[in-house]
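A short write-up of the structure that comes next.
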Amino acid sequence: MATRFTLGRVRGLGSAKEGVHHWWMQRASAVALIPLYLWFAFSVTALAGAPHAALLAWVGAPVNAVLLIALIAANFYHGHLGLQVVFEDYVPHEGKRLACLLVSQFLSTLFALGGALAVLKIALGG
Amino acid sequence: MTAENRPLSPHIFIYRLHLTTLLSGLHRITGVMLIPGSVLLVLWLWAAATGTEAYATATWAIGSWLGRLCLFGWTFSLFYHLCNGIRHLFWDAGHGFELARARASGLAVVAASGALTLAVWIAGYAARGG
Ligand code: HEM
């Protein structure tokens, strides 16, 4: 019955704690994104018009690289959790809603991995 | 109940649009718009990691009028969603629910996100040298 239990959770039919977890993680990622995005927006703005090498030096600095990867991870996690709420509101058909959720989950993971790889490649000088 | 006297949901022609309703809708719209924005952010990093030529293409795209328009929309969406997100977090903690305070904090969010957007664009043009 393990699969039924798991599917039930994916469908939002799990124990009340699942909803709390989603709610909490959406807020936790939001709190993390506030300083990360303020830092990112003003740092990148200062690099406007800078040559490629200057951007590489900034992204590749260890602290910046770690913060960038944290930003990318929190960004796509928070975005996926947010989209899930939006799908629950606008996609009443359960099968279609599950399809939307899967697509969002796959694409969020792929883009988060892609962003992290780009940062690592620059940081490790590949 | 006959068709005439059944209860109706808010009628669009007599329904007054409240600032707080508008701002709440905008939180969702900006949140969803930030998703293609973050995809573009990853593509930009990817281009930077690929090489000088790919990065030059990305820089050219961002510098075009369409690129600047998208970047402006992204900047405003980001700051609006960030500021209004803070407002949401205060509500979640149980503060500021009263109508007058919700209105005041809504106005503060609009002012703060406008100011942050302007600040970033002024700083960006200053860094670029015009
Ligand atoms: C920059 C800092 C950010 C903060 C402080 C923040 C805050 C929040 C909060 C508190 C919520 C829940 C709103 C509610 O209670 O209904 C939320 C929802 C959402 N956020 Fe964010 N967010 C941020 C960045 C982002 C980014 C970068 C994205 C896109 C990847 C995003 C996408 C969404 C979406 C799609 C929702 C769901 C909207 C809805 O349910 O109506 N957010 N955000």
* **Relative contact order %, chain B, counting alpha carbon pairs below 8 Å whose residues are six or more apart** => 28
* Asked: Taking chain A as a Gaussian network, Cα atoms linked when under 10 Å apart, which of A:A48, A:A70, A:A61 shows the biggest mean-square fluctuation?
  -> A:A48
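Can you give the relative contact order of the stretch A:32-123 as a percent, counting alpha carbon pairs under 8 Å and 6+ residues apart?
41
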* With axes computed from alpha carbons, what is the tilt in degrees of helix B:99-128 against the longest principal axis of chain B, rounded to the nearest 10 within 0 to 90? -> 10
* Structure fact -> Taking the reciprocal of mean 1/r across every pair of different Cα atoms in the protein assembly as shown, the Kirkwood radius in Å is 20.6
* Asked: Can you give the mean number of other chain Cβ atoms that lie within 10 Å of the Cβ atoms in peptide B:72-85?
  -> 2
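Each reported figure results from applying straightforward, stated rules to the coordinates on display, with no laboratory input. Just so you know, these numbers come straight off a predicted model, no measurement behind them. Cβ atoms come from the backbone with ideal geometry, glycine included; neighbour counts cover every protein chain shown.
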